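The structure appears right after this line, and notes come after that.
The values are calculated or read from the model by the stated rules, or taken from the named source; none is laboratory data. This is a predicted model, so every value here is computed, not measured. Don't worry about glycine lacking a Cβ; one is built from the backbone with ideal geometry, like all the others, and counts go over all protein chains shown. For accessibility, only protein heavy atoms count, side chains too; no ligands or nucleic acids. Shrake-Rupley method; radii C 1.70, N 1.55, O 1.52, S 1.80 Å.
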Amino acid sequence: MDAKSYAAEFTAPELASFLSPVQAEGTMGAGRGSISTDTRSIAPGQWYLALKGETFDGHRFVQRAIEGGAAGCIVASLPADVKVPESCLIFAVNDTLAAYHQIAKAYLNKVKPFVIGVTGSSGKTTTKEMCAAVVAARRFHKSAANENNEFGLPKTILSMPPDTEILVVEMAMRGLGQIALLARTAKPDAGIITGVGTAHIELLGSQENIIIAKCEMLEQMENEGLAVIGNPTEPVVARARKVFSGDLALFSDADVAEVAVSLDRTRFTVRGFEGEFEINAHGIRHMQDAWCAIVAGRAAGLSNKEIAEGLATYKSVEGRGNRLKLDNGAVLIDESYNANPDSVKCAVEALLDKRAFPQANKYVVLGEMAELGDSTELLHKQTGQWLRDTKISMLLTVGSKAKIIADAAEGASFAVFACDDQAEALELLKPQLSADSCVMIKGSHCAALDKMVELLKAPKE
């Protein structure tokens, strides 16, 4: 269904009641319209909300919104050169981002879905997609792509169909207080923290601050809710219990048991749940994410049968572990979207499972891991030291920061190459690949290893 056909719509009096303090100028018409933050796609009758970020200011486009037929505009200030017809209503607010969240919260309170919130240092998107699969038997809505920040979350809510029963939202952050903002708006009934690692340590300064930031979601939840923690280390659990008085569901490896592992699926049981579950993924960390989704699904009222049937339809997101078959018969595991020390270990452990990847030759290509701050060198070094003792066939790193990984892996039983760029890595890697090969490519988004993936996928000339 086209998003515009079910986007939340509001009358001028409704908006005036949400936006406080507010000053309105112009005609308070009777029409209804949805919220637009992009004048490139605005339609006649919509309300234009001028957002402002670090690198953009929507107030520059107010005139364009009016000329595009906007019923009105929500602004913090009106540019002096804007000509406003009497038929166009101007809402003046103190903060347009706060207004965006006020409107989204009002609509959420009207629809009243069961809300599943997902955050964590890694595995957020995977778990969000698993949750969406788990609840597929009901009318559900989920965060699209990267709509997991202060701008994306209200957009997700306002694109929700009015008959939505379950809403699944992903929550990311770049600093303290940001997840609190998202959670105040979304008010999760079930809040999932996949785990707390070293991702974003550059932004927050310490793992303690990362734990505080992730647990901000729990602070905003009602005590009747359920907090689900995928990697319940003692500091995370202690913080969770300090800020949240409701029930905690804490994962342990004993909660899941593999039944069978095939080339493309893992079948397993879950303690406390009847029957078996299966996912199109491998490794304990994927089962951990699946467990979080299963527990949240039960909290949302789904049956075991509905949960199992839904989870079986889960497909990995591009750049987050999806598997591709190359022309030469080799298998490529695309993990190019992002990386941190924990997720690298999880990805390599899955690669080394012979039941899932029976190929004799296992190649690992790593780019830098970003946002590690003062711990960058240490964490890259520790990753290399850990890799040194694994049973992979070859390690190639790309770029100067990733070279630290290669240097730390020297002395391993496999070949190690520190490449200056992707071209050098491809030159070394391509001759090695055959039907008995599997290559995993992983790095932070800034490493742009998705380009290397595309070059490997390209058909031979």
Here the residues within the stretch 70-117 that are open to solvent by 20 Å² or more (accessible area, probe 1.4 Å) and part of a helix (DSSP H, G or I) are Leu97, Ala98, Gln102, Lys105, Ala106, Asn109, Lys110, Val111
For the stretch 216-230, enumerate the residues that are surrounded by fewer than 21 Cβ atoms within 10 Å (Cβ to Cβ) and in contact with a helix residue (DSSP H, G or I) (Cβ under 7 Å, 6 or more places away or on another chain).
-> Glu219
Please list, ordered by first then second residue, the pairs with beta carbon atoms under 6 Å, 6 or more apart or interchain, first in the stretch 29-43 and within 12 Å of Cys73 (Cα to Cα), second among the polar types (S, T, N, Q).
-> Gly33/Gln46; Ser34/Gln46; Ser36/Gln46; Ile42/Ser36
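For the stretch 352-461, list the helices (runs of 4 or more DSSP H) that sit wholly inside it and hold at least 3 residues that are out of contact with any Lys or Arg (no Cβ under 8 Å at 6 or more places or on another chain) and surrounded by 14 or more Cβ atoms within 10 Å (Cβ to Cβ); which are they? Before you say what the answer is, go through the steps one by one.
On the way: elements: 376-388, 403-408, 422-429, 450-457.
Filter on the stretch 352-461 gives 376-388, 422-429, 450-457.
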Looking at the stretch 186-195, which of its residues are more than 15 Å from the chain's Cα centre (by Cα) and either in a strand (DSSP E or B) or surrounded by fewer than 23 Cβ atoms within 10 Å (Cβ to Cβ) (or both)?
-> Lys187, Asp189, Ala190
So which residues in the stretch 143-168 are among the polar types (S, T, N, Q) and part of a helix (DSSP H, G or I)?
-> Thr156
Of the candidates Ala308, Ala240, Ala296, the one satisfying the condition of being outside any loop (DSSP other than H, G, I, E, B), open to solvent by 20 Å² or more (accessible area, probe 1.4 Å) and at pLDDT 95 or above is Ala308
Members of the stretch 340-361 found to be closer than 24 Å to Ala458 by Cα and aliphatic (A, V, I, L, M), listed by number | Ala347, Leu351, Ala360
Name the pairs: first residue in the stretch 320-338 and on the phi > 0 side of the Ramachandran plot and at pLDDT below 90, second residue charged (D, E, K, R) and outside any loop (DSSP other than H, G, I, E, B), Cβ to Cβ under 8 Å, at least 6 apart or on different chains?
-> Gly321/Asp334; Gly321/Glu335
Go through the residues of the stretch 262-281 one by one and say whether even a single one is assigned to a strand (DSSP E or B), touching a residue at least 24 places away in the same chain (Cβ under 8 Å), open to solvent by 40 Å² or more (accessible area, probe 1.4 Å) and charged (D, E, K, R).
-> yes
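Could we say that Val295 is under 18 Å from Ala312 (Cβ atoms) and without any contact (Cβ under 8 Å) to a residue 40 or more places away in the chain here?
no
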Matching strands (runs of 3 or more DSSP E) fully within the stretch 18-66 where at least 2 residues are surrounded by 14 or more Cβ atoms within 10 Å (Cβ to Cβ) and at pLDDT below 90 = 22-25
